[in-house]
Each structure stands twice: as C-alpha cells, then as structure tokens.
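Only one structure is covered here, and it is reproduced in the block below.
Every number here is computed from the coordinates shown, using simple stated rules; none is lab data. Nothing here was measured: the structure is a model prediction, and the numbers come from that model. Cβ sites come from the backbone with ideal geometry, for glycine too, and all protein chains shown count toward neighbours.
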Amino acid sequence: MEKTLVIIKPDGVQRNLIGEIICRLERSGLKLVGMKLVQADDKMVEKHYTIDPSWLKTVGVKAIESYKEKGLEPPNNDPVAVGKDVLKRLKNFMTAGPVVAMVWEGNAAVSLVRKICGSTEPFSAAIGTIRGDLSPIETYQMADLANRAIRNLVHASGTVAEAEKEIVIWFKKDEIWDYNLARDTILYDANWRV
C-alpha cells in the first residue's frame with residue numbers, strides 16, 4: 001500500500017471545497033489515514049518545496065518551457081532565479097490561511113491522486129479532475145501577471161519517494177492511522193465472496 005500527501009491549499013479552504021475534494025478522493029477507493037487543519041509558516045513551506053535540492057532549477061526550467069510552448073516570453077531565462085521567484089510566491093500563498101493536510105493510502109495512491117487532481121495548471125487540466133472542474137480559468141500567465149502563485153486548489157505528491165519525505169514534514173508518526181474499512185476486503189482480499 002502506498003501513502004501520499006494531499007494538501008488542500010488556502011484557495012480550496014476559502015472556497016469551501018474541502019468536502020468536494022475529500023469526496024472525490026474517497027470515491028476512488030483510497031483510504032484517509034491522516035488529516036488536520038494547519039496554519040503553515042514560511043519555514044515549513046520552504047522545507048516542503050525544497051526537499052529535492054534540484055527543485056528550484058527544475059521548477060524554473062518547467063516554467064520557462066511552459067511560457068515558450070505557449071509562444072510567450074518568460075519573465076526571466078535563468079531557471080534558478082525563476083525557481084526562487086516561484087518559491088517566494090508559494091510561501092506567500094501557502095501561509096495566507098489554513099490548509100488541510102491529508103495522508104491517503106491505497107494501491108498506486110501517488111499516481112491515482114495525481115490523476116484525480118489533474119494538471120498543475122487548472123486551465124490545462126482535463127474536465128473531470130479536481131483542478132479542471134473546480135478552477136478551470138486559472139492559468140500560469142494570470143498568476144505571473146498578478147505576481148502570485150498559481151491557485152490550483154491542491155498539492156499532491158509527485159512520486160512515492162517524494163510522498164515519504166513530505167508526509168514527515170506535515171505529520172508525526174502517531175497522527176497517521178492504521179485501521180480497516182469494510183470495503184478494504186472487497187477491494188484487496190483475493191478470497192472475498194458475497
């Protein structure tokens with residue numbers, strides 16, 4: 001069983017989408033094993049986003065490429081500088097209000113949650129995903145023009161290794177529950193019979 005971190009960001013909390021987002025994840029067959037309302041600070045947000053030492057450069061390269069793919073001029077061509085700007089905006093955004101941090105468990109939890117959430121740019125996200133349905137007008141360009149982070153409702157771990165590192169930033173070991181649901185037998189027990 002994989003575990004993954006999902007954070008409902010301040011925009012999702014303020015738009016009263018907590019229940020809608022949880023419902024979509026629950027219906028997929030995943031099990032909620034940890035959840036809390038948190039007011040993050042700058043240090044926590046920076047620790048979360050810079051777990052991977054190459055994150056600043058990687059996010060900068062992706063942002064620059066995204067601009068060029070759309071035929072737009074990036075605000076800066078230095079990936080590290082762009083990454084630092086993204087981190088500054090994320091700190092401002094993620095500390096603007098409370099967030100809901102959650103740990104979800106299940107088969108292929110990381111990739112399943114990423115599919116349910118959709119593309120990180122809501123405008124590019126498929127209809128039927130959290131971002132594509134609940135925030136479809138939001139673009140990177142809008143965020144950049146307003147000098148703010150993209151308002152994409154949720155964070156979802158990108159890999160199993162990333163999830164393992166992120167979960168310990170947001171949760172103590174005793175805040176993650178190990179329990180059974182009746183439906184677990186239906187989903188995972190090879191010998192289940194009616």
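Enumerate by residue number the trypsin sites (Lys or Arg not before Pro) in the range 65-116 meeting two conditions: DSSP loop (anything except H, G, I, E, B), and at most 13 other Cβ atoms within 10 Å of the site's Cβ.
Values: sites: Lys68, Lys70, Lys84, Lys88, Arg89, Lys91, Arg114, Lys115; in loops: Lys70.
The qualifying sites are Lys70.
Around Lys57, with a cut-off of 15 angstrom between Cβ atoms, what is the net charge of the other residues, counting Lys and Arg +1 and Asp and Glu -1? Write out the running numbers ahead of the final one.
On the way: positive: Lys62, Lys84; negative: Asp52, Glu65, Asp78, Asp85.
The answer is -2.
For the pairs Lys3/Lys62; Lys3/Lys70; Lys62/Lys173, flag any whose C-alpha to C-alpha distance is greater than 30 Å.
Values: Lys3/Lys62 26 Å; Lys3/Lys70 35 Å; Lys62/Lys173 34 Å.
Over 30 Å apart, Cα to Cα: Lys3/Lys70; Lys62/Lys173.
Which one, Pro79, Asn152, Ile169, is farthest towards the positive end of the dipole of the range 2-188 when Lys and Arg carry +1 and Asp and Glu -1 on their Cβ?
Projecting each Cα onto the dipole axis, the largest value belongs to Asn152.
Within the set of other residues whose C-beta is less than 14 Å from the C-beta of Asp85, count the net charge using Lys and Arg as +1 and Asp and Glu as -1.
+4
How do 13-19, 180-186 rank on mean C-beta neighbours within 10 Å, highest first?
13-19, 180-186
If you wrap a convex hull around the C-alpha atoms of the range 1-150 and split its volume per residue, what is the figure in Å³?
114 Å³
Excluding Val113 itself, what net charge comes from residues whose Cβ is under 13 Å from its Cβ, given Lys and Arg +1 and Asp and Glu -1?
Here the count lands on +2.
Quick check on the range 53-137: what does the Kirkwood estimate of hydrodynamic radius come out to from the alpha carbon pairs, in Å?
Taking the inverse mean of 1/r over all distinct Cα pairs, the range 53-137 comes out at 14.8 Å.
Once you have the Cα-Cα distance between Trp192 and Asn76, take 0.36 nm times their residue separation minus that, and quote the gain in nm to one decimal. Don't jump to the answer; show the numbers that get you there.
Numbers: separation 116, 0.36 × 116 = 41.76 nm, distance 5.71 nm.
That works out to 36.0 nm of additional length.
Using a simple charge model, +1 on the beta-carbon of Lys and Arg, -1 on the beta-carbon of Asp and Glu, nothing else, what dipole does the range 2-188 show about its Cα centre, in debye to the nearest 20?
Using only the charged Cβ atoms, the result is roughly 160 debye.
Exactly which chymotrypsin sites (Phe, Trp or Tyr not before Pro) in the range 99-194 are in a DSSP loop and have at most 10 other Cβ atoms within 10 Å?
For chymotrypsin sites (Phe, Trp or Tyr not before Pro) across the range 99-194 that sit outside H, G, I, E and B with at most 10 neighbouring Cβ atoms in 10 Å, the list reads Tyr179, Trp192.
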